[in-house]
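First up is the structure itself, then whatever we jot down about it.
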Amino acid sequence: MADRPKVAALIVAAGKGERAGGVIPKQYREIGGNSVLFLAAKALLGHPAVDRAQVVIGEGQREAYETAVMGLSLPAPIIGGETRQQSVRNGLEALAATESPDIVLIHDAARPDTPPAVIDRLLSGLGAHIGAIPALPVTDSLARTDGSTVDRSAFVSIQTPQAFRFEAILAAHRSWSGAEPATDDAAIARAAGHEIALIEGDAALRKLTFAEDFAMSAAGPTPFPPVRTGSGFDVHAFGPGDAVWLGGIEIPHDRALSGHSDADVALHALTDAILGAAGAGDIGDHFPPSDPQWKGAPSRCFLEHAATLARGAAFEIWHVDVTIICEAPKIGPHRTAMRQKIAEILAIPENSVSVKATTSEGLGFTGRREGIAAQAVATLGKGRN
């Protein structure tokens, strides 16, 4: 099976946003506690097909940028130019100087909400075209300034992100010779002789331009996104062995945990928490212990499956919290490695993972060192976090 194409998102955030009012550029203003840029980047990075994102900012915006994207895994920003076209060109050249992607999604930071289905349609639209762009029908009546009407059926409203074969759009930008700076990357691609596919856009992709747009976003019909919380609990007894699997890592110990898989009690509890929040049953439904194929299986495959199901239901994994209950082994020295491993498996930032440990003060089966227990809580949400 051929490798899937590498997809990068290029987010243009170099403008001053003066029409939106306020004392800071609109991409750094907040909606619901997060910057517009944070929301735009998070929406793109949350799609399973997007491998990385690169942001282009304006001169002197580095401090505002660092504050705005705190908590996201992003490389150092690229400084843009005097025009949007130059900013996009700078970003494309930066991507080409590292590891060129196969596909690039060029997006305006002022559009904070990108539905995953739009990205799916864009990538599908590239099957037979160099570029694909989202568009919506024009619903308002149109007229020229002299009052004469225009047939609106001949027009569409163009949105971003716009998807392109990377080498083609880079070459088109390099060869652009228009008298005026282009405000649309599709126009640059067409000038280079490429046909562009129009795909169905989405009203959620509206661009924040004026002060009233921010007021509508803050006071719209769904100012608070749907949030789900799930909990999980699991126990495993000790058996013969010289190491235990906990939180996705192997820890030397005088005994092992007994179980049909690798008996990673922490990942089992966390898998159940995510499945519960997504309304997708429990670990036994998906990986029954009676099935021999799961004998000795690494528990990370259970957790990855739960995350895939959650994202398939349009949920993002916002935060997970695991508590391991045991007298031994000591968890503290391994906590950072566990957080890193869980973040890697779930493809979320490390600061969205909490791992804690406690004892039962000598009480119960954990207190008697007969086994280990773990409980977990997962917070899932849709849209914004």
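The values are calculated or read from the model by the stated rules, or taken from the named source; none is laboratory data. Just so you know, these numbers come straight off a predicted model, no measurement behind them. Backbone-built Cβ (ideal geometry, glycine too); neighbour counts: all protein chains shown.
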Can you name the number of the only condition in (1) touching a Lys or Arg at 6+ places or on another chain (Cβ under 6 Å); (2) surrounded by fewer than 16 Cβ atoms within 10 Å (Cβ to Cβ) that SER124 fails? (1)
Could you check, for the stretch 288-298, whether at least one of its residues is touching a strand residue (DSSP E or B) at 6+ places or on another chain (Cβ under 9 Å) and under 18 Å from ALA376 (Cα atoms)? no
Which residues, counting only those in the stretch 232-274, are touching an Asp or Glu at 6+ places or on another chain (Cβ under 6 Å) and not in a strand (DSSP E or B)? VAL265, HIS268, ALA269, ASP272
Do the conditions hold for PHE164, that is, is it closer than 26 Å to VAL50 by Cα and either part of a loop (DSSP other than H, G, I, E, B) or modelled with pLDDT of 95 or more (or both)? yes
Flag if GLU327 is closer than 19 Å to SER73 by Cα and acidic (Asp, Glu): no
Give the residue, chosen from PHE164, PHE155, that is assigned by TED's automatic domain parsing to the domain that holds ILE57, surrounded by fewer than 21 Cβ atoms within 10 Å (Cβ to Cβ) and of a type in the set (Phe, Trp, Tyr). PHE155
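For the stretch 1-110, give me every one of the helices (runs of 4 or more DSSP H) that falls completely inside it and has 1 or more residues that are closer than 26 Å to THR308 by Cα, of a type in the set (A, V, I, L, M) and modelled with pLDDT of 90 or more. Don't jump to the end; show me each part of the working.
Values: elements: 36-45, 62-68, 84-97.
Here the list reads 36-45.
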For the structure I just gave you, tell me whether ALA374 is out of contact with any Leu (no Cβ under 6 Å at 6 or more places or on another chain), surrounded by fewer than 20 Cβ atoms within 10 Å (Cβ to Cβ) and in the same structural domain as TRP245 (by TED's automatic domain parsing). no
Out of ALA203, ALA191, ALA187, ALA172, I need the residue that is free of Cβ contacts under 8 Å to residues at least 12 places away in the same chain and either of a type in the set (A, V, I, L, M, F, W, C) or not assigned by TED's automatic domain parsing to the domain that holds ALA135 (or both). Which one? ALA187
Those residues of the stretch 82-121 which are surrounded by fewer than 18 Cβ atoms within 10 Å (Cβ to Cβ), farther than 23 Å from GLU59 by Cβ and in contact with a Phe, Trp or Tyr (Cβ under 9 Å, 6 or more places away or on another chain) amount to SER100, ASP102
Output the number of the condition that ASN90 fails; it satisfies all remaining conditions of (1) in contact with a Gly (Cβ under 9 Å, 6 or more places away or on another chain); (2) closer than 25 Å to GLY381 by Cβ. (2)
Among the residues of the stretch 279-292, is there at least one that is surrounded by 15 or more Cβ atoms within 10 Å (Cβ to Cβ), closer than 23 Å to ARG255 by Cα and touching a Phe, Trp or Tyr at 6+ places or on another chain (Cβ under 6 Å)? no
Condition test on ALA328, is it closer than 20 Å to GLY279 by Cα, among the small types (Gly, Ala, Ser) and touching a His at 6+ places or on another chain (Cβ under 9 Å)? no
Which of the residues spanning the stretch 275-294 are more than 32 Å from the chain's Cα centre (by Cα) and assigned to a loop (DSSP other than H, G, I, E, B)? PRO289, SER290, ASP291
Does VAL322 satisfy being without any contact (Cβ under 8 Å) to a residue 40 or more places away in the chain, within 29 Å of PRO48 (Cβ to Cβ) and surrounded by 20 or more Cβ atoms within 10 Å (Cβ to Cβ)? no
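Can you confirm whether the stretch 281-298 contains a residue that is closer than 25 Å to GLY71 by Cβ and in contact (Cβ under 8 Å) with a residue 24 or more places away in the chain?
No: zero hits.
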